[in-house]
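The values are calculated or read from the model by the stated rules, or taken from the named source; none is laboratory data. Note that this is a predicted model, so its numbers are computed, not measured. Ideal geometry is used to build each Cβ from the backbone, glycine not excepted, and the neighbour counts take in all protein chains shown. What goes into the accessible areas is simple: the full protein's heavy atoms, side chains included, and nothing from ligands, DNA or RNA. Shrake-Rupley method; radii C 1.70, N 1.55, O 1.52, S 1.80 Å.
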Amino acid sequence: MKVNAQVFIIIITLCILSSGCEAKREHLIQGRTMGTTYHIKVVTGHFQSIAGLKEKIEKRLDEINQSMSTYIKTSEISRFNDLRQVGVKFKISDDFFQVMSVAQEIYQLSDGAWDGTVNPLVDLWGFGRGGRRQDIPPKNQIAALMPAVGFHHIDVIAPGYLIKKLETVTLDLSSIAKGYGVDQVAGVIRKEGFQNYLVEIGGEIFASGVREDGQQWRVGINRPRKDASVNDVYKVVRLQNKAFATSGDYRNFFEVDGIRYSHVIDPKTGYPVSSGVVSVSIIAGSCTFADGLSTAIMVMGLDKGIALVNRLGNVECLIVIEKQDGSLVDHYSAGFQTAVSGGKVQY
Ligand code: ADP
Ligand code: MG
(Lines give C-alpha, C1' and ligand atoms only; values in the text may rest on other atoms or scores of the structure.)
(Ligands and ions follow the chains in the order given, each with its own letter.)
Protein backbone atom coordinates (compact mmCIF):
# COMPACT_ATOMS: atom_id res chain seq x y z
CA MET A 1 0.00 0.00 0.00
CA LYS A 2 2.79 2.37 1.04
CA VAL A 3 4.83 1.51 -2.11
CA ASN A 4 1.84 2.13 -4.37
CA ALA A 5 1.31 5.56 -2.86
CA GLN A 6 4.94 6.42 -3.55
CA VAL A 7 4.69 5.26 -7.12
CA PHE A 8 1.54 7.34 -7.51
CA ILE A 9 3.26 10.45 -6.16
CA ILE A 10 6.24 9.91 -8.47
CA ILE A 11 3.95 9.60 -11.50
CA ILE A 12 2.10 12.78 -10.55
CA THR A 13 5.41 14.61 -10.13
CA LEU A 14 6.70 13.39 -13.50
CA CYS A 15 3.47 14.46 -15.14
CA ILE A 16 3.71 17.97 -13.71
CA LEU A 17 7.41 18.28 -14.57
CA SER A 18 6.87 17.21 -18.14
CA SER A 19 3.44 18.89 -18.45
CA GLY A 20 2.49 15.56 -19.97
CA CYS A 21 -0.69 15.12 -17.96
CA GLU A 22 -1.57 18.78 -17.78
CA ALA A 23 -4.66 19.83 -19.71
CA LYS A 24 -3.84 22.08 -22.67
CA ARG A 25 -5.65 25.24 -23.72
CA GLU A 26 -5.83 26.92 -27.09
CA HIS A 27 -5.95 30.72 -27.08
CA LEU A 28 -7.04 32.81 -30.03
CA ILE A 29 -5.44 36.20 -30.69
CA GLN A 30 -6.82 38.16 -33.63
CA GLY A 31 -6.79 41.60 -35.17
CA ARG A 32 -6.00 43.61 -38.27
CA THR A 33 -2.70 44.37 -39.93
CA MET A 34 -1.25 45.01 -43.41
CA GLY A 35 -4.69 45.79 -44.84
CA THR A 36 -6.01 42.38 -43.82
CA THR A 37 -6.80 40.24 -40.77
CA TYR A 38 -4.62 38.01 -38.63
CA HIS A 39 -5.48 34.98 -36.51
CA ILE A 40 -3.11 33.32 -34.08
CA LYS A 41 -3.65 30.22 -31.99
CA VAL A 42 -1.34 29.52 -29.07
CA VAL A 43 -1.45 26.29 -27.06
CA THR A 44 -0.53 26.61 -23.40
CA GLY A 45 -0.48 24.42 -20.35
CA HIS A 46 -3.51 25.02 -18.15
CA PHE A 47 -1.60 27.28 -15.79
CA GLN A 48 0.40 29.11 -18.43
CA SER A 49 -0.65 32.64 -19.37
CA ILE A 50 -0.52 34.59 -22.61
CA ALA A 51 -0.88 37.93 -20.82
CA GLY A 52 0.91 40.65 -22.76
CA LEU A 53 1.51 38.48 -25.81
CA LYS A 54 -0.92 40.32 -28.10
CA GLU A 55 0.73 43.65 -27.29
CA LYS A 56 4.17 42.23 -28.14
CA ILE A 57 2.85 40.80 -31.42
CA GLU A 58 1.17 44.07 -32.43
CA LYS A 59 4.28 46.06 -31.56
CA ARG A 60 6.33 43.82 -33.86
CA LEU A 61 3.75 44.12 -36.66
CA ASP A 62 3.73 47.88 -36.25
CA GLU A 63 7.52 47.99 -36.62
CA ILE A 64 7.25 45.99 -39.85
CA ASN A 65 4.51 48.28 -41.19
CA GLN A 66 6.54 51.38 -40.33
CA SER A 67 9.29 49.84 -42.41
CA MET A 68 7.53 48.33 -45.45
CA SER A 69 3.98 49.67 -45.76
CA THR A 70 3.53 51.87 -48.81
CA TYR A 71 0.32 53.14 -47.17
CA ILE A 72 2.39 54.92 -44.51
CA LYS A 73 3.90 58.06 -46.05
CA THR A 74 6.81 58.16 -43.62
CA SER A 75 7.69 54.45 -43.84
CA GLU A 76 11.15 53.45 -45.01
CA ILE A 77 9.79 52.07 -48.26
CA SER A 78 7.82 55.28 -48.98
CA ARG A 79 10.91 57.38 -48.34
CA PHE A 80 12.93 55.11 -50.62
CA ASN A 81 10.28 55.43 -53.32
CA ASP A 82 10.37 59.22 -53.01
CA LEU A 83 14.16 59.29 -53.27
CA ARG A 84 15.25 61.05 -56.43
CA GLN A 85 18.97 60.34 -56.19
CA VAL A 86 20.83 57.70 -58.13
CA GLY A 87 23.92 55.96 -56.76
CA VAL A 88 23.39 57.10 -53.17
CA LYS A 89 23.39 54.65 -50.24
CA PHE A 90 19.97 54.64 -48.54
CA LYS A 91 20.19 53.17 -45.02
CA ILE A 92 17.51 50.59 -44.21
CA SER A 93 16.44 48.64 -41.11
CA ASP A 94 17.21 45.00 -40.57
CA ASP A 95 13.56 44.11 -41.36
CA PHE A 96 13.70 45.82 -44.73
CA PHE A 97 17.09 44.28 -45.49
CA GLN A 98 15.90 40.76 -44.61
CA VAL A 99 12.91 41.06 -46.93
CA MET A 100 14.97 42.58 -49.74
CA SER A 101 17.49 39.74 -49.46
CA VAL A 102 14.76 37.10 -49.88
CA ALA A 103 13.16 39.24 -52.60
CA GLN A 104 16.40 39.30 -54.55
CA GLU A 105 16.73 35.53 -54.20
CA ILE A 106 13.20 35.00 -55.56
CA TYR A 107 13.76 37.52 -58.36
CA GLN A 108 16.80 35.52 -59.44
CA LEU A 109 15.28 32.05 -58.94
CA SER A 110 12.19 33.04 -60.93
CA ASP A 111 14.23 34.66 -63.68
CA GLY A 112 12.50 37.98 -63.06
CA ALA A 113 8.92 36.63 -62.90
CA TRP A 114 8.71 37.97 -59.35
CA ASP A 115 9.69 41.62 -59.43
CA GLY A 116 9.14 44.02 -56.53
CA THR A 117 9.29 47.06 -58.83
CA VAL A 118 6.18 46.15 -60.83
CA ASN A 119 3.88 48.50 -58.83
CA PRO A 120 3.44 51.28 -61.44
CA LEU A 121 1.83 48.60 -63.63
CA VAL A 122 -0.25 47.29 -60.73
CA ASP A 123 -1.57 50.83 -60.23
CA LEU A 124 -2.24 51.36 -63.94
CA TRP A 125 -4.22 48.12 -64.11
CA GLY A 126 -6.32 49.38 -61.19
CA PHE A 127 -5.10 47.00 -58.48
CA GLY A 128 -3.11 49.47 -56.44
CA ARG A 129 -3.87 52.92 -55.23
CA GLY A 130 -5.61 55.35 -57.54
CA GLY A 131 -8.79 53.37 -57.90
CA ARG A 132 -10.20 50.43 -59.74
CA ARG A 133 -10.82 50.08 -63.45
CA GLN A 134 -12.79 47.59 -65.53
CA ASP A 135 -11.02 48.03 -68.86
CA ILE A 136 -7.64 47.32 -70.43
CA PRO A 137 -5.26 50.29 -70.20
CA PRO A 138 -4.03 51.75 -73.51
CA LYS A 139 -0.91 50.02 -74.90
CA ASN A 140 1.13 53.23 -74.93
CA GLN A 141 0.48 53.79 -71.22
CA ILE A 142 1.69 50.29 -70.41
CA ALA A 143 4.77 50.75 -72.61
CA ALA A 144 5.55 54.10 -70.97
CA LEU A 145 5.84 52.44 -67.54
CA MET A 146 7.98 49.47 -68.58
CA PRO A 147 11.38 51.23 -68.33
CA ALA A 148 10.88 51.88 -64.59
CA VAL A 149 10.21 48.19 -63.93
CA GLY A 150 13.19 46.01 -63.05
CA PHE A 151 14.50 44.80 -59.72
CA HIS A 152 18.04 45.00 -61.13
CA HIS A 153 17.67 48.80 -60.95
CA ILE A 154 18.16 48.45 -57.17
CA ASP A 155 21.32 47.28 -55.41
CA VAL A 156 20.90 45.54 -52.06
CA ILE A 157 24.04 45.94 -49.96
CA ALA A 158 24.88 44.28 -46.62
CA PRO A 159 24.53 45.05 -43.80
CA GLY A 160 21.62 47.34 -44.71
CA TYR A 161 21.63 49.71 -47.67
CA LEU A 162 19.73 50.13 -50.91
CA ILE A 163 20.97 52.04 -53.93
CA LYS A 164 18.75 53.27 -56.77
CA LYS A 165 20.39 52.85 -60.13
CA LEU A 166 17.42 54.44 -61.87
CA GLU A 167 15.65 57.49 -60.48
CA THR A 168 12.11 56.37 -61.29
CA VAL A 169 12.33 52.86 -59.82
CA THR A 170 9.99 52.16 -56.85
CA LEU A 171 9.29 49.20 -54.58
CA ASP A 172 6.16 47.33 -53.49
CA LEU A 173 6.74 44.33 -51.26
CA SER A 174 3.08 43.50 -50.65
CA SER A 175 3.45 40.02 -52.13
CA ILE A 176 6.16 39.03 -49.64
CA ALA A 177 5.81 41.27 -46.55
CA LYS A 178 2.82 39.39 -45.11
CA GLY A 179 4.95 36.25 -45.10
CA TYR A 180 7.69 38.15 -43.29
CA GLY A 181 5.13 39.36 -40.76
CA VAL A 182 4.11 35.74 -40.14
CA ASP A 183 7.73 34.64 -39.60
CA GLN A 184 8.40 37.51 -37.22
CA VAL A 185 5.23 36.95 -35.19
CA ALA A 186 6.17 33.26 -34.95
CA GLY A 187 9.55 34.42 -33.62
CA VAL A 188 7.90 36.59 -30.94
CA ILE A 189 5.73 33.69 -29.74
CA ARG A 190 8.67 31.27 -29.73
CA LYS A 191 10.75 33.74 -27.73
CA GLU A 192 7.99 33.87 -25.12
CA GLY A 193 8.49 30.15 -24.59
CA PHE A 194 5.60 28.63 -26.56
CA GLN A 195 6.23 25.76 -28.97
CA ASN A 196 2.74 24.99 -30.24
CA TYR A 197 1.05 27.73 -32.24
CA LEU A 198 -0.38 28.71 -35.60
CA VAL A 199 0.13 32.16 -37.10
CA GLU A 200 -1.95 33.40 -40.04
CA ILE A 201 -1.90 36.83 -41.69
CA GLY A 202 -4.15 37.25 -44.73
CA GLY A 203 -3.98 33.54 -45.53
CA GLU A 204 -0.20 33.17 -45.15
CA ILE A 205 0.68 30.71 -42.38
CA PHE A 206 3.31 29.26 -40.08
CA ALA A 207 2.42 26.17 -38.07
CA SER A 208 4.61 25.23 -35.12
CA GLY A 209 4.33 22.03 -33.09
CA VAL A 210 0.84 20.61 -32.61
CA ARG A 211 -2.71 21.54 -31.57
CA GLU A 212 -4.06 21.24 -28.03
CA ASP A 213 -5.23 17.67 -28.80
CA GLY A 214 -1.74 16.67 -29.94
CA GLN A 215 -2.79 16.45 -33.61
CA GLN A 216 -1.07 18.33 -36.39
CA TRP A 217 -2.42 21.73 -37.44
CA ARG A 218 -4.79 21.59 -40.39
CA VAL A 219 -5.08 24.46 -42.80
CA GLY A 220 -7.51 24.92 -45.66
CA ILE A 221 -6.89 26.19 -49.17
CA ASN A 222 -9.77 28.22 -50.62
CA ARG A 223 -11.59 26.87 -53.62
CA PRO A 224 -10.00 28.90 -56.45
CA ARG A 225 -13.29 30.02 -57.97
CA LYS A 226 -14.44 33.59 -58.38
CA ASP A 227 -17.85 32.75 -56.88
CA ALA A 228 -16.47 30.69 -53.97
CA SER A 229 -17.05 32.02 -50.47
CA VAL A 230 -14.04 32.51 -48.18
CA ASN A 231 -15.21 29.49 -46.20
CA ASP A 232 -15.27 27.23 -49.25
CA VAL A 233 -12.40 24.81 -48.56
CA TYR A 234 -10.84 23.13 -51.59
CA LYS A 235 -8.08 21.14 -49.84
CA VAL A 236 -6.92 20.62 -46.30
CA VAL A 237 -3.26 20.05 -45.53
CA ARG A 238 -1.58 19.12 -42.28
CA LEU A 239 1.44 21.11 -41.25
CA GLN A 240 4.08 20.84 -38.56
CA ASN A 241 6.93 23.35 -38.24
CA LYS A 242 6.33 24.65 -41.74
CA ALA A 243 5.19 27.76 -43.54
CA PHE A 244 2.37 27.75 -46.06
CA ALA A 245 1.40 30.52 -48.50
CA THR A 246 -1.12 30.78 -51.32
CA SER A 247 -1.45 33.16 -54.23
CA GLY A 248 -4.46 33.21 -56.52
CA ASP A 249 -6.16 35.14 -59.29
CA TYR A 250 -9.76 34.44 -58.25
CA ARG A 251 -10.35 37.29 -55.77
CA ASN A 252 -8.75 40.40 -57.19
CA PHE A 253 -9.54 40.72 -60.90
CA PHE A 254 -11.85 42.17 -63.58
CA GLU A 255 -13.11 40.60 -66.79
CA VAL A 256 -13.31 41.88 -70.36
CA ASP A 257 -14.87 39.67 -73.05
CA GLY A 258 -14.70 36.67 -70.74
CA ILE A 259 -10.97 37.12 -70.13
CA ARG A 260 -9.80 37.52 -66.57
CA TYR A 261 -7.29 40.26 -65.73
CA SER A 262 -5.87 39.74 -62.24
CA HIS A 263 -3.60 41.59 -59.83
CA VAL A 264 -0.52 39.53 -60.64
CA ILE A 265 1.37 41.18 -63.49
CA ASP A 266 4.00 39.65 -65.74
CA PRO A 267 6.86 42.18 -65.50
CA LYS A 268 8.12 41.15 -68.94
CA THR A 269 4.87 41.94 -70.80
CA GLY A 270 3.23 44.53 -68.53
CA TYR A 271 -0.01 42.50 -68.66
CA PRO A 272 -1.74 40.40 -65.99
CA VAL A 273 -0.70 36.78 -66.17
CA SER A 274 -2.77 34.40 -68.25
CA SER A 275 -1.06 31.07 -67.69
CA GLY A 276 -4.19 29.19 -66.64
CA VAL A 277 -2.79 28.95 -63.11
CA VAL A 278 -5.53 29.98 -60.69
CA SER A 279 -3.89 29.08 -57.39
CA VAL A 280 -0.38 28.34 -56.13
CA SER A 281 0.30 27.06 -52.62
CA ILE A 282 3.84 26.72 -51.33
CA ILE A 283 5.16 24.82 -48.33
CA ALA A 284 8.57 25.99 -47.12
CA GLY A 285 10.61 26.60 -43.98
CA SER A 286 10.07 30.35 -44.14
CA CYS A 287 6.80 32.13 -44.85
CA THR A 288 8.64 35.09 -46.40
CA PHE A 289 10.01 32.75 -49.03
CA ALA A 290 6.74 30.83 -49.43
CA ASP A 291 4.74 34.05 -49.89
CA GLY A 292 7.07 35.50 -52.52
CA LEU A 293 7.48 32.23 -54.36
CA SER A 294 3.72 31.64 -54.61
CA THR A 295 3.35 34.96 -56.47
CA ALA A 296 6.41 34.17 -58.62
CA ILE A 297 4.90 30.87 -59.74
CA MET A 298 1.60 32.54 -60.64
CA VAL A 299 3.70 34.34 -63.25
CA MET A 300 6.03 31.46 -64.21
CA GLY A 301 3.20 29.07 -64.94
CA LEU A 302 2.88 25.33 -64.36
CA ASP A 303 5.89 23.76 -66.06
CA LYS A 304 8.56 26.24 -65.03
CA GLY A 305 7.01 26.57 -61.57
CA ILE A 306 6.99 22.82 -60.82
CA ALA A 307 10.51 22.45 -62.24
CA LEU A 308 11.80 25.22 -59.98
CA VAL A 309 10.16 23.79 -56.86
CA ASN A 310 11.44 20.29 -57.60
CA ARG A 311 14.95 21.73 -57.88
CA LEU A 312 14.73 23.48 -54.50
CA GLY A 313 15.26 21.52 -51.27
CA ASN A 314 12.53 21.59 -48.59
CA VAL A 315 10.05 23.46 -50.76
CA GLU A 316 6.85 21.93 -52.14
CA CYS A 317 3.90 23.24 -54.10
CA LEU A 318 0.36 22.61 -55.24
CA ILE A 319 -0.54 24.39 -58.48
CA VAL A 320 -4.18 24.47 -59.57
CA ILE A 321 -4.95 24.99 -63.24
CA GLU A 322 -8.33 25.99 -64.63
CA LYS A 323 -8.96 24.35 -67.98
CA GLN A 324 -10.91 25.90 -70.86
CA ASP A 325 -14.00 23.93 -69.85
CA GLY A 326 -13.77 25.41 -66.35
CA SER A 327 -12.61 22.25 -64.59
CA LEU A 328 -9.81 22.45 -62.01
CA VAL A 329 -6.74 20.22 -62.22
CA ASP A 330 -4.20 19.82 -59.39
CA HIS A 331 -0.47 19.46 -59.90
CA TYR A 332 1.82 18.57 -56.99
CA SER A 333 5.58 18.84 -56.68
CA ALA A 334 7.39 15.55 -56.12
CA GLY A 335 7.50 15.67 -52.32
CA PHE A 336 4.24 17.49 -51.52
CA GLN A 337 2.38 14.46 -50.21
CA THR A 338 5.11 13.55 -47.72
CA ALA A 339 5.71 17.17 -46.73
CA VAL A 340 2.16 17.57 -45.46
CA SER A 341 3.35 15.64 -42.51
CA GLY A 342 0.21 13.65 -41.92
CA GLY A 343 1.42 11.99 -45.11
CA LYS A 344 -1.72 12.75 -47.10
CA VAL A 345 -3.56 15.65 -48.59
CA GLN A 346 -7.18 15.35 -47.59
CA TYR A 347 -10.06 16.05 -49.91
P1 ADP B 1 -2.11 38.89 -52.01
O2 ADP B 1 -1.21 40.04 -51.64
O3 ADP B 1 -3.44 39.28 -52.55
O4 ADP B 1 -2.18 37.82 -50.97
P5 ADP B 1 0.05 37.97 -53.58
O6 ADP B 1 0.89 37.60 -52.41
O7 ADP B 1 0.05 37.05 -54.73
O8 ADP B 1 -1.44 38.18 -53.22
O9 ADP B 1 0.55 39.40 -54.08
C10 ADP B 1 -0.09 40.08 -55.11
C11 ADP B 1 0.41 41.51 -55.11
O12 ADP B 1 1.77 41.52 -55.51
C13 ADP B 1 -0.29 42.37 -56.14
O14 ADP B 1 -1.42 42.98 -55.59
C15 ADP B 1 0.78 43.37 -56.52
O16 ADP B 1 0.83 44.43 -55.59
C17 ADP B 1 2.06 42.59 -56.38
N18 ADP B 1 2.50 41.99 -57.65
C19 ADP B 1 1.82 41.80 -58.82
N20 ADP B 1 2.57 41.19 -59.75
C21 ADP B 1 3.78 40.98 -59.16
C22 ADP B 1 4.99 40.40 -59.63
N23 ADP B 1 5.13 39.89 -60.85
N24 ADP B 1 6.04 40.37 -58.74
C25 ADP B 1 5.92 40.89 -57.50
N26 ADP B 1 4.81 41.42 -57.01
C27 ADP B 1 3.74 41.48 -57.82
MG1 MG C 1 2.59 36.25 -52.37
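Considering Cα pairs under 8 angstrom that are at least six residues apart, work out the relative contact order of region 155-286 and quote it in whole percent. Numbers along the way, then the final one.
Numbers: 183 pairs, mean separation 22.6, N = 132.
17 percent.
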### Task
Could I have the simple spin-label model distance between residue 213 and residue 56, label points 7 Å from Cα toward Cβ, reported in nm to one decimal?
2.9
### Message
So if I take the centroid of the Cα atoms in region 311-326 and the same for region 230-252, what is the distance between those two points in Å?
### Response
12
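Given the Cα-Cα distance of residue 165 and residue 190 and 0.36 nm per residue of separation, how much length would full extension add, in nm? All intermediate terms of the calculation are to be shown ahead of the outcome.
Details: separation 25, 0.36 × 25 = 9.00 nm, distance 3.91 nm.
So the extension gain works out to 5.1 nm.
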### Query
By how many degrees, between 0 and 90 and to the nearest 10, does the Cα long axis of helix 53-68 differ from the longest principal axis of the chain?
20
### Query
Where a Cα-Cα gap under 20 Å defines reach, which aspartates and glutamates qualify for residue 164, not counting those fewer than 8 residues away within the same chain?
76, 82, 94, 95, 105, 115, 155, 172
### Query
How many nm separate the modelled label positions at residue 134 and residue 233, each set 7 Å beyond the Cα in the direction of the Cβ?
3.5
#### Entry: On Cα atoms only, tilt of 302-311 relative to the major axis of the chain in degrees
50
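Please compute the contact order of region 23-347 in relative form: average sequence separation of alpha-carbon pairs under 8 Å and at least six residues apart, divided by the residue count, as a percent.
On the way: 647 pairs, mean separation 54.9, N = 325.
Relative contact order for region 23-347 comes out at 17 percent.
Per residue, how much accessible area does the chain have with a 1.4 Å probe, in Å²?
48
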### Summary
Rounded to the nearest 10, the angle in degrees between the Cα long axis of helix 177-191 and the longest principal axis of the Cα atoms of the chain comes to 20
### Task
Just the number, please: carbon plus sulfur as a percent of the accessible area of the chain, 1.4 Å probe, no ligands or DNA/RNA counted.
53
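Starting from 0.36 nm per residue, how many nanometres of slack lie between residue 241 and residue 93 once their C-alpha separation is accounted for? Intermediate results must be reported in sequence, preceding the final value.
Details: separation 148, 0.36 × 148 = 53.28 nm, distance 2.72 nm.
Answer, rounded to one decimal: 50.6 nm.
Using a simple charge model, +1 on the beta-carbon of Lys and Arg, -1 on the beta-carbon of Asp and Glu, nothing else, what dipole does region 23-347 show about its Cα centre, in debye to the nearest 20?
Numbers: 37 positive and 35 negative charges, 94 e Å.
Dipole about the Cα centre, nearest 20: 460 debye.
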### Query
In straight Cα distance, which lysines are under 25 Å from residue 59, not counting same-chain residues fewer than 8 positions off?
41, 73, 91, 178, 191, 242
### Summary
For region 23-347, shape from the Cα gyration tensor axes a ≥ b ≥ c, cut at a/c of 1.5 then a/b versus b/c, turns out oblate
